[in-house]
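Peer 1: Let me begin by handing over the structure; questions about it come next.
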Amino acid sequence: MFCKGAACGYLGCQLIPNHYLLTKSRSLNPSPFRWIVFKVASKSPIINYQLSTINYQLIYSMAIPPSWIVKTGRSIWTQIWQLMMSQLAPPNDRGEYQRPQSEFRNRIDGIYAPEPNRYRLYVGWSCPWAHRTLVVRALKGLESSIEIVLVQGDANAGGWTLRKPEHGCNTLAQLYRFGKLGYTGRSTVPMLWDTQTYSIVNNESAEIIEILNSDFNNFASHPELDLAPIALQDSIEQWNELVYKTVNNGVYRCGFAQTQVAYDNAHVELFATLDRIEDLLATQDYLCGDLLTLADIRLFTTLIRFDLVYHHLFKCNRRRIRDYPQLQAYICKIYHMPGVAATCNFPTILQDYYGNLFPLNPGGIIPQLPDMSYLMIVDK
């Protein structure tokens, strides 16, 4: 009594990947459903069943228990997950996520002169690294001098796509290769593009925000705003180093960890830093004292996403930002600065993280937007 494919009368017969047929049939005895695994010959018009003593067993008289199915499925999924994660988030030998270095590190000097309307900033709403540049651009008042180009995350393409073709390119990866022939590296946002030389100036967010803060003051609406004053340089650098490792990249070290130890270590470091900052903000307004600096911008764009995606999707779940009174007030204060709220697109952030990071959310279910009303609370 074997399955006859389309002519099969057994209950629940269905094709599954790799040309295997899983057939659920009733036994002639009172025992429950029996699960029988068949191999389907792909080249013959007549379905041929062969037993493989290496790959699987065909059991006629006894049921394969559900635990067998669970164990097999888990083994297959784990191997696929590890393969996908190795491409999405390359780990070291301890399973810790290692963020690759940015490759384009030019400054505004030499062939790259500081001119208005010459440079484009390619960004994605969901990316916290790109968000930094949008916030600095808004605070400095560079909207009329530095054009932004919004790119879209594409889960199927595995990267960023352009909303309209540019130089014959439909994806950001193609534009990278257009700007540098033979380029095979990562195609990330933010990316500062020179429209005169058709080349990439810089794709390191930490350096782009420094460029926006200091190199376009002649065209800025708020040139007097200095987010990196010389007197605070040492303090800014110290906070940048700590916050990058444990918070900015720390949430990714949690979410992209490929061993339990790697996750546990990242989780402890993340919340140790958040606890430290919470205590600090009880006595001063910002990380470096009473002045907003680039260190605060770098922290803000991670914190604004924390309750939205990192707490659940990246398993950064010891506390929410809403559970930290000082941190909550801190991000609310920055959120209400001129132009900053317009850089925060919460529906797209939710969609891109849950919709595009398939290894972390294979079911593709996008959660509802949570209550963000706490951002409306302004400390007078």
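Just so it is clear, none of the values below were taken in a lab; they were calculated from the coordinates. Nothing here was measured: the structure is a model prediction, and the numbers come from that model. When we count neighbours, we look across all protein chains shown, and the Cβ atoms used for this are built from the backbone with ideal geometry, even at glycine.
Peer 1: Explain nothing, just compute: Karplus ³J(HN,Hα) = 6.51 cos²θ - 1.76 cosθ + 1.60, θ = phi - 60°, for every residue of the stretch 265-276 in order, whole Hz, x for Gly and Pro.
Peer 2: 5, 5, 5, 4, 5, 4, 6, 5, 5, 4, 4, 5
Peer 1: Report the net charge of residues surrounding N218, where surrounding means a beta-carbon distance below 14 angstrom and charges are Lys +1, Arg +1, Asp -1, Glu -1.
Peer 2: So the surrounding residues net to -1.
Peer 1: Arrange the following residues from fewest to most other Cβ atoms within 10 Å of their Cβ: H267, H312.
Peer 2: So the ranking, lowest neighbour count to highest, is H312, H267.
Peer 1: At D154 and Q98, where each label point lies 7 Å from the Cα along Cα→Cβ, what is the point-to-point distance in nanometres?
Peer 2: 3.0 nm
Peer 1: What does the charge count around Q101 come to, taking other residues whose C-beta lies under 10 Å from its C-beta (Lys +1, Arg +1, Asp -1, Glu -1)?
Peer 2: Net local charge, Q101 excluded: +1.
Peer 1: Gap in Å between the Cα centre of the stretch 304-380 and the Cα centre of the stretch 183-236?
Peer 2: Centre-to-centre (Cα) distance: 25 Å.
Peer 1: Here is a further query. What FRET efficiency, computed as 1/(1 + (r/R0)^6) with R0 = 51 Å and r the Cβ-Cβ distance, is obtained for T259 and N218, rounded to the nearest 0.05?
Peer 2: 0.50
Peer 1: Could you compute the FRET efficiency for H312 and A113, with r as their C-beta to C-beta distance and R0 at 51 Å, rounded to 0.05?
Peer 2: According to the calculation, E is roughly 0.65.
Peer 1: By average Cβ neighbour count within 10 Å, what is the ranking of 178-185, 152-159, 71-78, 237-244 from highest down?
Peer 2: Descending packing order for the listed peptides: 237-244, 152-159, 178-185, 71-78.
Peer 1: Let me ask something additional. In whole Hz, with x marking every Gly and Pro, tabulate ³J(HN,Hα) for the stretch 88-96 from phi via Karplus 6.51 cos²θ - 1.76 cosθ + 1.60, θ = phi - 60°.
Peer 2: Result, ordered by residue: 6, 9, x, x, 8, 6, 9, x, 8 Hz.
Peer 1: Further question on the same structure: What number comes out for the charge environment of Q152, summing +1 per Lys or Arg and -1 per Asp or Glu over other residues with Cβ under 10 Å away?
Peer 2: Result for the neighbourhood of Q152: -1.
Peer 1: Continuing with the same structure: Under a plain spin-label model, where a point goes 7 Å from the Cα along Cα-to-Cβ, how far apart in nm are D290 and H167?
Peer 2: Once both label points are built, they end up 4.8 nm from each other.
Peer 1: Cα-Cα over 26 Å: which of K71/K315; K140/K333; K245/K333; K71/K245?
Peer 2: K71/K245
Peer 1: I'd like to know how the stretch 98-225 sits against the 2.2 N^0.38 Å rule of thumb: what's its Cα Rg over that expected value?
Peer 2: Working it through for the stretch 98-225, the quotient is 1.01.
Peer 1: Could I ask something else about it? Report the gain in length on full extension from I76 to C332: 0.36 nm times residue separation, minus Cα-Cα distance, nm rounded to one decimal.
Peer 2: So the extension gain works out to 87.7 nm.
Peer 1: While we're on this one: Calculate the spin-label point distance for E143 paired with A206, positioning each point 7 Å from the Cα along the beta-carbon direction, and give it in nanometres.
Peer 2: 3.0 nm
Peer 1: What do you get for Rg/Rh over the stretch 235-380 if you use C-alpha atoms and the Kirkwood form of Rh?
Peer 2: Ratio of gyration radius to Kirkwood radius for the stretch 235-380: 0.96.
Peer 1: From the C-alpha coordinates alone, can you work out the Kirkwood hydrodynamic radius of the stretch 171-310, in Å?
Peer 2: 17.4 Å
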